[in-house]
Amino acid sequence: MADTPPDALPEALRTAAARLAATSDTPRLDAEILMAHALGMSRGDMLLRQRDLAVPDAYAAMIDRRAAQEPVAYITGTREFWGLELRVSPDVLIPRPDSETLIEAATGLYSQDADIRILDLGTGSGALLLAALSHFRRAKGIGMDASAAALRVAADNAVRLGLADRAECILADWHRPDWTDGLHRPFDLVLANPPYVEATAVLPEDVARYEPAAALYAGADGMDDYRILVPALCKLLKPGGYAVFETGYSQGGVVSALAAERGWEASVRTDLSSHDRAVIVGPLP
């Protein structure tokens with residue numbers, strides 16, 4: 001370290017940020033996160049010590065990957081959600097802050113010490129289930145997914161976060177007629193972030209190229225999976241139970257209407273950008 005020029009790392013950050021400006025909305029932040037990851041330290045520590053640190057050999061390859069629009073979370077292999085550090089891979093969607101709207105909604109439905117059973121449909125990384133279990137301290141839950149690779153990520157996250165004794169991962173596909181049979185129902189709370197993107201939608205390149213298409217697209221109007229899951233609530237939920245669905249910014253009213261057609265009450269919660277993000281269905285009679 002003594003022979004490292006004091007401006008080597010700051011200059012590397014400036015150069016990387018300039019390169020990433022063409023493909024990222026947050027080029028400097030991306031450069032800093034990747035540098036910290038390459039160094040194996042927190043971003044804060046890296047910034048405080050940057051003039052004393054050498055640029056790691058792995059950094060250039062990471063910047064190459066980000067310049068090709070690979071998401072930062074896939075490069076580092078981690079993403080924070082609800083204060084939890086989750087492992088992520090290209091087998092799962094990257095958890096986003098907007099999805100925390102579902103957890104915020106769920107925390108208002110039951111007390112923190114409620115002894116409830118939770119089902120997370122399409123669990124992916126386990127983000128929703130594990131965030132809910134971290135809040136509801138006596139709860140137990142199931143994360144269901146049609147992807148065995150995604151379930152391996154979710155199970156690993158449950159172990160890493162010390163929640164494996166309260167979280168079970170089940171392989172099932174809601175496109176099959178018998179998909180609810182192995183779920184040990186009913187549940188007090190169902191959480192779901194299903195695919196809801198229209199088949200013809202144009203997504204950002206880093207999403208369209210790298211995130212799993214099966215977790216994104218849901219038919220011509222983006223509603224195919226809601227048409228399966230909302231009617232299934234009568235099998236999945238206990239009387240008095242609730243479901244919380246993530247939706248696209250224009251789908252809150254449509255999903256609410258789908259629930260209302262079956263006599264259920266529904267309300268819409270918005271995210272930090274004031275877009276529709278979560279629909280609460282219930283309590284079911």
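Scanning the stretch 183-201 for residues that are in a loop (DSSP other than H, G, I, E, B) and open to solvent by less than 50 Å² (accessible area, probe 1.4 Å) yields Leu183, Asn193, Pro194, Pro195, Tyr196, Ala201. The single condition among (1) crowded, with 18+ Cβ neighbours inside 10 Å; (2) within 21 Å of the chain's Cα centre (by Cα); (3) among the hydrophobic types (A, V, I, L, M, F, W, C) that Leu236 does not satisfy is (2).
Of all residues in the stretch 101-118, none are of a type outside the set (D, E, K, R), closer than 19 Å to Ala208 by Cβ and open to solvent by less than 20 Å² (accessible area, probe 1.4 Å).
Evaluate the following for Glu80: is it under 11 Å from the mean Cα position of the chain (by Cα) and among the acidic types (Asp, Glu)? Spelling it out, Glu80 is indeed under 11 Å from the mean Cα position of the chain (by Cα) and among the acidic types (Asp, Glu). Is it the case, given these coordinates, that Tyr226 is at pLDDT 95 or above, open to solvent by 20 Å² or more (accessible area, probe 1.4 Å) and either among the β-branched types (Val, Ile, Thr) or at negative phi (or both)? Against the criterion (at pLDDT 95 or above, open to solvent by 20 Å² or more (accessible area, probe 1.4 Å) and either among the β-branched types (Val, Ile, Thr) or at negative phi (or both)), Tyr226 does not qualify.
Scan the stretch 116-137 for residues that are in contact with a Pro (Cβ under 7 Å, 6 or more places away or on another chain) and over 19 Å from Leu236 (Cβ atoms) and jot them down. Residues satisfying the conditions are Ser125, Ala127.
Among the residues of the stretch 266-285, the ones that are of a type in the set (Gly, Ala, Ser) and either in a loop (DSSP other than H, G, I, E, B) or touching a Leu at 6+ places or on another chain (Cβ under 6 Å) (or both) come to 4 in all. Taking only pairs six or more apart or across chains, which ones have beta-carbon atoms under 8 Å, a first residue in the stretch 202-228 that is assigned to a loop (DSSP other than H, G, I, E, B), and a second residue that is of a type in the set (Phe, Trp, Tyr)? Close Cβ pairs (under 8 Å, with a partner that is of a type in the set (Phe, Trp, Tyr)) amount to Ala218/Tyr196; Ala218/Tyr226; Gly222/Tyr196; Met223/Tyr196. Restricting to the stretch 151-171, what's the tally of residues that are open to solvent by less than 20 Å² (accessible area, probe 1.4 Å) and in a loop (DSSP other than H, G, I, E, B)? Result for the stretch 151-171: 1. Of everything in the stretch 247-285 that's of a type in the set (Val, Ile, Thr) and in contact (Cβ under 8 Å) with a residue 60 or more places away in the chain, which residue is surrounded by the most Cβ atoms within 10 Å (Cβ to Cβ)? The qualifying residue surrounded by the most Cβ atoms within 10 Å (Cβ to Cβ) is Ile280.
The values are calculated or read from the model by the stated rules, or taken from the named source; none is laboratory data. Values in this document were obtained by computation on a predicted structure and should not be read as measured data. Every residue, glycine as well, gets a Cβ built from its backbone with ideal geometry; the counts of neighbours run over all protein chains shown. When the accessible area is computed, the model is the full protein with side chains, heavy atoms only, and any ligands, DNA or RNA have been set aside. Shrake-Rupley method; radii C 1.70, N 1.55, O 1.52, S 1.80 Å.
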